[in-house]
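Undergrad: Pasting a structure below so you can have a look.
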Amino acid sequence: MRPTDDERREVAENLRLLADYPGQPVRYAEQFRDLLQDEIFPVLEYHDYSETLIRLADLIDPDGGDVDE
């Protein structure tokens, strides 16, 4: 499912807030991974790293890099 512009903006805003979670920097890989996955996959279920990368790519470029000719 293609993310909406509102969803993309909300995720971006929440990621910026998480960068100062809670009032201190994220310093550990496990903490970073958990925060990132929780933010981009709001439904509580397991997602592997490949799915996380694909979801981030879809949020950044919902058209998948396709160029209309």
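Undergrad: Principal axis lengths of the chain from Cα atoms, whole Å, largest first?
TA: 46, 23, 19
Undergrad: Taking amide H atoms as placed 1.01 Å from N in the peptide plane, list the residues 5 or more away in sequence, or in a different chain, whose amide H sits under 5 Å from that of V26.
TA: Amide H neighbours of V26, under 5 Å, 5+ apart: Y21.
Undergrad: Per DSSP H run of n ≥ 4, the term is -39500 (n - 2.57); total these for the chain, divide by its residue number, and report the mean residue ellipticity at 222 nm rounded to 500 deg cm²/dmol. Write down the numbers at each step before the final one.
TA: Working: 3 runs with 38 residues, N = 69.
Mean residue ellipticity, 222 nm, calculated: -17500 deg cm²/dmol.
Undergrad: Right, here's the next one. Report, in degrees rounded to the nearest 10, the 0 to 90 angle that the Cα long axis of helix 49-60 makes with the longest principal axis of the chain.
TA: Once rounded, one gets 60 degrees.
We did not get these values from a lab; they are worked out from the coordinates using the rules stated. Worth saying up front: this structure is predicted, and the values here are computed from it rather than measured.
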